[in-house]
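A.B. asks: Here it is: the structure, laid out below.
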Amino acid sequence: MNEEIQFWNEFAEEYAEIQSESQVTIAKDVATFLVEKEILPTNTFVDLAGGCGRYVAEVIPFTQTYLLVDFSKEMLHIAAKQHSFRQLHLLEMAQKEFFEQTQNEQYDVVFTAMNPALDSKEELNELLRITRKTACILRMIKEQDELFSPYEENRDTLMSKYKEWLGVPFEVQRFQYFTEEVISKSFFKDYFEMDISENELEKMVAKHFKTDERLNRTEIVFELLIITKERK
């Protein structure tokens, strides 16, 4: 755990920059969808493993209390610098400890996006236990581009596991995006030079590049899993 915390503390600034430069409007689109589904507005909203707060600005207008939980001090420091909403509360805590300290059905909506720690049926059940109304789990299930994906494995299996582990009804909403980026031949070669032989790399370059640069198109798909608790 200490090594994971150190990694994310050191990676926090770069991670926040990557998110800020993203062409994908997933935060806005998720918030719009939650409003349309009448999951928002709500009183209490938990963003579990929420990092530097990518979803805060879009969701917080529809909450009375937004609790951003993450084990990275640096991630939360960035969130604090970027957001000054009065209803935003930051909690530096690991997921396991947060579950242990949280009562049954304590929060109206529990949301988590791309959470690597939600990796077992037990963790999933804990997330549902602390949820009073709706649990929302977001993951990127596909990122396929023209240049790099053919040579890399990039498959997320956690979402399919969540669906297997759930013993209650759920809904699924997909969000699909297409992005474009100019990639240079030199960048492409540098990217693969440590992993692929020189001869094979030259074949790859000849296949994909007719000039020094080319457009690289990417398809990105997110799935949002929505679990609504039945009221007794």
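A.B. asks: Exactly one condition in (1) open to solvent by 30 Å² or more (accessible area, probe 1.4 Å); (2) modelled with pLDDT under 95; (3) within 15 Å of the chain's Cα centre (by Cα) is false for residue 12; which is it?
C.D. replies: Only one criterion is unmet by residue 12, namely (1).
A.B. asks: Report yes if residue 168 is over 26 Å from residue 39 (Cα atoms) and among the β-branched types (Val, Ile, Thr), otherwise no.
C.D. replies: Taking the combined requirement at face value, the residue does not satisfy it.
A.B. asks: State whether one or more residues within region 113-120 are touching a Gly at 6+ places or on another chain (Cβ under 8 Å), part of a strand (DSSP E or B) and surrounded by 16 or more Cβ atoms within 10 Å (Cβ to Cβ). Don't jump to the end; show me each part of the working.
C.D. replies: Here is the first cut: in region 113-120, the ones touching a Gly at 6+ places or on another chain (Cβ under 8 Å) are 113.
Then drop every residue that is not part of a strand (DSSP E or B), which leaves 113.
Pick out the ones that are also surrounded by 16 or more Cβ atoms within 10 Å (Cβ to Cβ) and you get 113.
Yes, region 113-120 contains a residue that is touching a Gly at 6+ places or on another chain (Cβ under 8 Å), part of a strand (DSSP E or B) and surrounded by 16 or more Cβ atoms within 10 Å (Cβ to Cβ).
A.B. asks: List pairs: first residue in region 194-210 and without any contact (Cβ under 8 Å) to a residue 24 or more places away in the chain, second residue basic (Lys, Arg) anywhere in the structure, Cβ distance under 8 angstrom, at least six positions apart or on different chains.
C.D. replies: 201/189; 205/185; 205/189
A.B. asks: Continuing with the same structure: Looking for something under 30 Å from residue 206 (Cα atoms) and in contact (Cβ under 8 Å) with a residue 24 or more places away in the chain - is there at least one such residue anywhere in region 113-132?
C.D. replies: no
A.B. asks: Just give me the residues in region 132-150 being over 19 Å from the mean Cα position of the chain (by Cα) and under 21 Å from residue 226 (Cα atoms), in sequence order.
C.D. replies: 132, 133
A.B. asks: So for region 22-43 (the condition being hydroxyl-bearing (Ser, Thr, Tyr), closer than 24 Å to residue 222 by Cβ and at pLDDT below 95), does at least one residue qualify?
C.D. replies: yes
A.B. asks: Scan region 20-40 and give yes if some residue there is in contact with a helix residue (DSSP H, G or I) (Cβ under 6 Å, 6 or more places away or on another chain), farther than 18 Å from residue 115 by Cα and either polar (S, T, N, Q) or touching a residue at least 60 places away in the same chain (Cβ under 8 Å) (or both), otherwise no.
C.D. replies: Checked region 20-40: at least one residue is in contact with a helix residue (DSSP H, G or I) (Cβ under 6 Å, 6 or more places away or on another chain), farther than 18 Å from residue 115 by Cα and either polar (S, T, N, Q) or touching a residue at least 60 places away in the same chain (Cβ under 8 Å) (or both).
A.B. asks: Okay, next question. Among the residues of region 189-203, are any of a type outside the set (D, E, K, R) and closer than 30 Å to residue 27 by Cα?
C.D. replies: In the first step, residues of region 189-203 are kept if they are of a type outside the set (D, E, K, R); the result is 191-192, 194, 196-197, 199, 201.
Filter once more, keeping what is closer than 30 Å to residue 27 by Cα: 191.
Checking region 189-203: at least one residue is of a type outside the set (D, E, K, R) and closer than 30 Å to residue 27 by Cα.
A.B. asks: Moving on. Going by the structure shown, is residue 87 over 17 Å from the mean Cα position of the chain (by Cα), over 28 Å from residue 20 (Cβ atoms) and touching a residue at least 12 places away in the same chain (Cβ under 8 Å)?
C.D. replies: No.
A.B. asks: Follow-up question, since we're still on this one. Which residues, taken from region 1-39, are closer than 21 Å to residue 59 by Cβ, among the hydrophobic types (A, V, I, L, M, F, W, C), out of contact with any Leu (no Cβ under 8 Å at 6 or more places or on another chain) and part of a helix (DSSP H, G or I)?
C.D. replies: Once the filter is applied, which keeps residues that are closer than 21 Å to residue 59 by Cβ, among the hydrophobic types (A, V, I, L, M, F, W, C), out of contact with any Leu (no Cβ under 8 Å at 6 or more places or on another chain) and part of a helix (DSSP H, G or I), region 1-39 yields 12, 16, 18, 27, 35.
Quick grid of which residues meet (1) modelled with pLDDT of 95 or more; (2) open to solvent by 50 Å² or more (accessible area, probe 1.4 Å); (3) not basic (Lys, Arg):
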site	(1), (2), (3)
154	no, yes, yes
167	no, yes, yes
172	yes, yes, yes
175	yes, no, yes
184	yes, no, yes
195	no, yes, yes
202	yes, yes, yes
208	yes, no, yes
214	yes, yes, no
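The values are calculated or read from the model by the stated rules, or taken from the named source; none is laboratory data. Being a predicted model, the structure only gives us computed values, none of them experimental. Cβ atoms come from the backbone with ideal geometry, glycine included; neighbour counts cover every protein chain shown. Remember, those area values only see protein heavy atoms, side chains included, never the ligands or the DNA or RNA. Shrake-Rupley method; radii C 1.70, N 1.55, O 1.52, S 1.80 Å.
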